[in-house]
Amino acid sequence: MSRYTHEELSGLIRDAHAPQDAKAAFRRIIYDHYKKHGRALPWRNAPTPYEVFVSEIMLQQTQVERVVNKFPTFLARFPDFRALADSTAGEVVAAWQGMGYNRRALSLHRAAKIIVEKHGGALPIHIEELEALPGIGKATARSIAAFAFNEPVVFIETNIRSVFIHFFFPGAENVPDAEILPLVERTLDRKNPSRWYNALMDYGVMLKKENANPSRKSAAYRPQAPFKNSRRQKRGRILARLVESGPLGIAGAAALLGVDIETAGGLLDELEREGFIRKKGRAYVLS
């Protein structure tokens, strides 16, 4: 048991010269929960760098439960970067259906091609090279480095943010990441950052279930825009229809969505420009 209360740990660790035993006590709280309640997720069982990469892209803006269902079938269809790179964009989008945010499927496909062409099919370890890949931002690049290569890098995502706001900013509002990041770095388990970040995320999940979501107090928090009747939903319905039934014309898209010809044509043109679909005669098919 820690000799510190949560309030004492908060005060000590917020100090740049926090004692080692205080940081160890904080890690022990997180690890104790992880030992008892850690989630058995398919990308946590000695994953390859490819499996980490796919899971990190899938987990962007998508609930874990949906990723758990899609992950095995996607890997069976595309077992490595070369298999993914050798596929068509349409094949990847078709396999992605049910995940939402279909741009991620295109980014994943394009990233696989770059990894094969420039890195011999092996995921690069350096942060700068990871950040240069399509669809990979600063936080995702560091998350991939931590989970694929056990690199002691510092990053924040929503569940990690929840943990640090809960422990170190009780009662605060609009907490900026700039104030959280030093605490993440200060408490990092540098010997096993992959396990540490998994433990932090699972603690954050628990907090969200048992308390008001702490991440809502973050300056980075943005409520998700409604999906129903959104442009994103309409685009998704077009892609799902193409996956299920093949070629689709403008009139068919208009009828599918209950919109006018001009709106349907605009959506189809948009999807074509972005590389999701292509024209075949007077209709559209997946790229």
*Residue check, residue 166 against (1) open to solvent by 20 Å² or more (accessible area, probe 1.4 Å); (2) out of contact with any Pro (no Cβ under 6 Å at 6 or more places or on another chain), all met but one. Which one?*
(2)
*Return only the number of the condition from (1) assigned to a loop (DSSP other than H, G, I, E, B); (2) open to solvent by 60 Å² or more (accessible area, probe 1.4 Å) that residue 255 does not satisfy.*
(1)
*asked:* Can you find, within region 92-102, the residue that is modelled with the lowest pLDDT among those that are surrounded by fewer than 18 Cβ atoms within 10 Å (Cβ to Cβ) and more than 13 Å from the chain's Cα centre (by Cα)?
replied: 98
*Are there any pairs with C-beta distances below 8 angstrom linking a residue in region 94-111 that is touching a residue at least 60 places away in the same chain (Cβ under 8 Å) and in a helix (DSSP H, G or I) to a residue that is open to solvent by less than 20 Å² (accessible area, probe 1.4 Å) and among the aromatic types (Phe, Trp, Tyr), with the two at least 6 apart or on different chains, and if so which?*
106/276
*Find all pairs meeting these conditions: Cβ atoms under 8 angstrom apart; at least six residues apart or on different chains; first residue within region 20-32 and closer than 13 Å to residue 191 by Cβ; second residue small (Gly, Ala, Ser) and open to solvent by less than 50 Å² (accessible area, probe 1.4 Å).*
31/199
_If a residue counts only when it is over 30 Å from residue 283 (Cα atoms), which helices (runs of 4 or more DSSP H) contained entirely in region 142-251 have at least 1 such residues?_
158-168, 177-187, 193-210
*Tally time: how many residues in region 53-111 are closer than 22 Å to residue 202 by Cα and of a type in the set (Phe, Trp, Tyr)?*
2
*Restricting attention to region 1-19, and to residues there that are in contact with a Lys or Arg (Cβ under 7 Å, 6 or more places away or on another chain) and within 15 Å of residue 188 (Cβ to Cβ), which single residue is surrounded by the most Cβ atoms within 10 Å (Cβ to Cβ)?*
13
*Matching residues, region 61-86, being at pLDDT below 95 and closer than 28 Å to residue 117 by Cβ*: 61, 62
_Need the failing condition index for residue 3 against (1) within 28 Å of the chain's Cα centre (by Cα); (2) more than 22 Å from residue 150 (Cα to Cα); (3) basic (Lys, Arg), just the number._
(1)
*asked:* Yes or no: region 12-25 includes at least one residue that is within 25 Å of the chain's Cα centre (by Cα), among the charged types (D, E, K, R) and not in a helix (DSSP H, G or I).
replied: no
*Select from region 183-229 the residues that are among the hydroxyl-bearing types (Ser, Thr, Tyr) and over 30 Å from residue 17 (Cβ atoms) and list them in ascending order.*
221
*Any residue in region 217-232 that is in contact (Cβ under 8 Å) with a residue 60 or more places away in the chain, over 22 Å from residue 39 (Cα atoms), open to solvent by less than 70 Å² (accessible area, probe 1.4 Å) and among the charged types (D, E, K, R)?*
no
*Considering only region 243-285, how many residues are more than 16 Å from residue 232 (Cβ to Cβ) and either touching a residue at least 60 places away in the same chain (Cβ under 8 Å) or among the aliphatic types (A, V, I, L, M) (or both)?*
10
*Would you mind stating whether residue 265 is of a type outside the set (D, E, K, R), farther than 22 Å from residue 95 by Cβ and either in a strand (DSSP E or B) or open to solvent by less than 20 Å² (accessible area, probe 1.4 Å) (or both)?*
yes
*Check off (1) of a type outside the set (Asp, Glu); (2) surrounded by 16 or more Cβ atoms within 10 Å (Cβ to Cβ); (3) free of Cβ contacts under 8 Å to residues at least 12 places away in the same chain for residue 40 and give me the number that stays unchecked.*
(2)
_For the list (1) within 16 Å of the chain's Cα centre (by Cα); (2) surrounded by fewer than 21 Cβ atoms within 10 Å (Cβ to Cβ), I need the number of the one condition that residue 117 fails._
(1)
*Of all residues in region 133-151, how many are modelled with pLDDT of 95 or more and on the phi > 0 side of the Ramachandran plot?*
1
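The values are calculated or read from the model by the stated rules, or taken from the named source; none is laboratory data. Keep in mind that what you see is a predicted model, and the values were worked out from it rather than measured. Neighbour counts run over all protein chains shown; Cβ positions are idealised from the backbone, glycine included. Ligands, DNA and RNA are excluded from the accessible area calculation, which covers all protein heavy atoms including side chains. Shrake-Rupley method; radii C 1.70, N 1.55, O 1.52, S 1.80 Å.
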